[in-house]
1. Cβ-Cβ distance below 7 Å, separation of 6 or more or different chains: which pairs start in segment 120-144 with a residue that is farther than 17 Å from residue 157 by Cβ and end on one that is surrounded by 13 or more Cβ atoms within 10 Å (Cβ to Cβ)?
2. Under 7 Å by Cβ, and 6 or more places apart or on different chains, what pairs join a residue from segment 11-38 that is free of Cβ contacts under 8 Å to residues at least 40 places away in the same chain with one that is assigned to a helix (DSSP H, G or I) and surrounded by 10 or more Cβ atoms within 10 Å (Cβ to Cβ)?
3. Restricting attention to segment 54-85, which residues are more than 25 Å from the chain's Cα centre (by Cα) and of a type in the set (A, V, I, L, M)?
4. Within the bounds of segment 103-117, is there any residue that is within 29 Å of the chain's Cα centre (by Cα) and modelled with pLDDT of 90 or more?
Amino acid sequence: MEILNLFGLETGLFIGQIINFLIIFFLLKFFLYKPVMAMLDERSKRIRQGLEDAENAKKTLQEAESKKIDVLKAAKTDADKILENTKNVAKDIKDKSTEEAKKQSESILDEARKQALAEFEKANMQIGKMSVDISQKIVSKVLSEIFTEQEKTAVLAKAIDKIEKIEYDKGTN
């Protein structure tokens, strides 16, 4: 122990300091170290939880982005189908309208031809009647100078029958 005294170390004081140190150590360990460690553990858990939440949010964001892309692709596909369908319907309507217009124009032309033919036949009949009347007057004048009234009537009736027969044959051909 002399060596301890040589260095200026007193045993009683040294043991008291060791006891004080141990008391303070246990007090600090019990009242300070454990709560600080608990607080650090809690903070560590919250940091880990925050990192996990951030990772989950990142995955969710990637999934949402992927779904967004899929939905946009599906929407574009649907839009393309609708556009193609609309083009087809428009083409069908255009074709039907064109066909209907052709039918209407053909119908109008047929009706015009029929009317023109009817007008032509009517004019032909009028011309025929006029030619019969004129022929009758000419024949009547010519015959009045040559024949008697009875002969003139007989020849005139015969001539009118022939002219009407010729006109009738022209109308049927």
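1. 128/167
2. Filtered contacts from segment 11-38: 11/4.
3. Those that are more than 25 Å from the chain's Cα centre (by Cα) and of a type in the set (A, V, I, L, M): 54, 57, 61, 64.
4. Within segment 103-117, one or more residues are within 29 Å of the chain's Cα centre (by Cα) and modelled with pLDDT of 90 or more.
The values are calculated or read from the model by the stated rules, or taken from the named source; none is laboratory data. The model shown is predicted, which means the values in this text are computed figures rather than measured ones. For neighbour counting, all protein chains shown are included, and Cβ atoms are generated from backbone atoms with ideal geometry for every residue, glycine included.
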